[in-house]
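Engineer: Input: one structure, supplied below.
The values are calculated or read from the model by the stated rules, or taken from the named source; none is laboratory data. The shown structure was predicted, so the numbers you read here are calculated from the model rather than taken from an experiment. Please note that ligands, DNA and RNA were not included when accessible areas were found on the heavy atoms of the full protein model with its side chains. Shrake-Rupley method; radii C 1.70, N 1.55, O 1.52, S 1.80 Å.
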Amino acid sequence: MKKHNSTGMKLGLVVLSLVIFLLSTVGALGIVWLRQQISRTAERCIETEKELAIILRKNVCMRSTIAQMHNPEYLKEKLNSKLGLPSEKQIVWMDSAEDKAKMRHLAAKNKNIRAFVNSKYQSRS
């Protein structure tokens, strides 16, 4: 009986050692994989931060350009002092809802005509 118990005990120790070895190996490989993922994520974060810095610089540049273009002196300079108040012929007054409906209808019709012309033009080329 002792031989049977000692053989089973040896087999149990071997199995237990293999399980501990496999768990240690899997754990070590998991740690290596996690570190690789962390380094990849860090690299992506650095690249994204660089892109963000470039975009922020472009944003500052565009804002300054927009601010310059909204300056009345800049507009006068670019338009050669032709900037002025609109004349009475350039002003359209709409009093009733009927006039507004007519304008919406004309705008929709004009939009449909443009779409039709653009589709015909694209099919020819």
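Engineer: Restricting segment 94-108 to residues that are modelled with pLDDT under 75 and of a type in the set (Asp, Glu), which is most open to solvent (accessible area, probe 1.4 Å)?
Structural biologist: Of everything passing the filter in segment 94-108, Asp95 is most open to solvent (accessible area, probe 1.4 Å).
Engineer: Do you know which residues across segment 8-35 are open to solvent by less than 90 Å² (accessible area, probe 1.4 Å) and not aliphatic (A, V, I, L, M)?
Structural biologist: Pass one, segment 8-35, residues open to solvent by less than 90 Å² (accessible area, probe 1.4 Å): 8, 12, 14-15, 17, 19, 24-25, 27-28, 30, 32.
Selection gives Gly8, Gly12, Ser17, Ser24, Thr25, Gly27, Gly30.
Engineer: Of everything in segment 50-78, what is in a loop (DSSP other than H, G, I, E, B) and open to solvent by 80 Å² or more (accessible area, probe 1.4 Å)? Give them in sequence order.
Structural biologist: Across segment 50-78, the qualifying residue is only His70.
Engineer: Here is a follow-up. Identify all residues within segment 79-93 that are of a type in the set (A, V, I, L, M, F, W, C) and open to solvent by 100 Å² or more (accessible area, probe 1.4 Å); write none if there are none.
Structural biologist: Our first condition is that a residue be of a type in the set (A, V, I, L, M, F, W, C); within segment 79-93, this holds for 79, 83, 85, 91-93.
If the condition is that a residue be of a type in the set (A, V, I, L, M, F, W, C) and open to solvent by 100 Å² or more (accessible area, probe 1.4 Å), then Leu85, Val92, Trp93 are the ones that fit.
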